[in-house]
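This report concerns only the one structure given below.
The values are calculated or read from the model by the stated rules, or taken from the named source; none is laboratory data. Remember, it's a predicted structure, so these values are computed and weren't measured experimentally. Heads up, the Cβs are rebuilt from the backbone with ideal geometry, glycines too, and the neighbour counts pull from every protein chain shown. With ligands, DNA and RNA removed, areas are computed over all heavy atoms of the protein, side chains included. Shrake-Rupley method; radii C 1.70, N 1.55, O 1.52, S 1.80 Å.
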Amino acid sequence: MERISKENYYLDIAETVLERSTCLRRVYGAIIVKNDEIIATGYNGAPRGRRNCVDMGSCARETLKIPHGERYELCRSVHAEANAIISAARRDMVGAVLYLVGRDAQTGALLTDATSCSMCRRQIINAGLEKVVIRRGRTEFEVVPVSKWIEEDDTLPV
């Protein structure tokens, strides 16, 4: 039996984490790893104590026909990356790696175009994470140096 890469090992764990997601559109799982140790996990879902979209049976962004990647302030969920960051101490995240996997909530299909939104990118930068590894296929992945997101400042125009 061939041993899988460390990247796919951690991406498989992130993919298991996404099974806790409560979003009706896209489900994401994220884990933060430093020195070969999992620091935190996160999946997208409503803040603690609030009702989840799956419990309500509806998604405000879906009802309003908002395209993917837009108007996140109307979403009930806290994103997977943000939930993982919230669960860890910054001192443990500096220099760490975030692994991210996304699937379509309806079909279960892997999101080959998954990425962190601009709000999550800002949190990833401030958390001191070094890179983000995103699943692109069953064993394919992209490694994004966080420094690239700093250089490609995606803030809104002034």
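Applying the criterion of being aliphatic (A, V, I, L, M) and within 11 Å of Tyr28 (Cα to Cα) to the residues of the stretch 85-129, the residue that is nearest to the chain's Cα centre (by Cα) is Leu100. Condition check for Val101 on (1) within 23 Å of Ile39 (Cβ to Cβ); (2) out of contact with any helix residue (DSSP H, G or I) (no Cβ under 6 Å at 6 or more places or on another chain); (3) in contact (Cβ under 8 Å) with a residue 60 or more places away in the chain: one failure, at (2).
So that you can scan it fast, the table gives a plain yes or no per residue for (1) at pLDDT 95 or above; (2) open to solvent by 10 Å² or more (accessible area, probe 1.4 Å):
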{"site": "Arg3", "(1), (2)": "no, yes"}
{"site": "Asn8", "(1), (2)": "yes, yes"}
{"site": "Leu11", "(1), (2)": "yes, no"}
{"site": "Arg20", "(1), (2)": "yes, yes"}
{"site": "Cys23", "(1), (2)": "no, yes"}
{"site": "Tyr28", "(1), (2)": "yes, yes"}
{"site": "Ile31", "(1), (2)": "yes, no"}
{"site": "Asn35", "(1), (2)": "yes, yes"}
{"site": "Ile38", "(1), (2)": "yes, yes"}
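Of all residue pairs spaced 6 or more apart or on separate chains, none has beta-carbon atoms under 9 Å together with a first member in the stretch 37-48 that is more than 15 Å from Ala127 (Cα to Cα) and touching a residue at least 60 places away in the same chain (Cβ under 8 Å) and a second member that is open to solvent by less than 40 Å² (accessible area, probe 1.4 Å) and aromatic (Phe, Trp, Tyr).
For the structure I just gave you, tell me whether Glu19 is over 26 Å from Arg90 (Cβ atoms), in contact with a Phe, Trp or Tyr (Cβ under 9 Å, 6 or more places away or on another chain) and among the acidic types (Asp, Glu). When the stated conditions are applied, Glu19 passes them.
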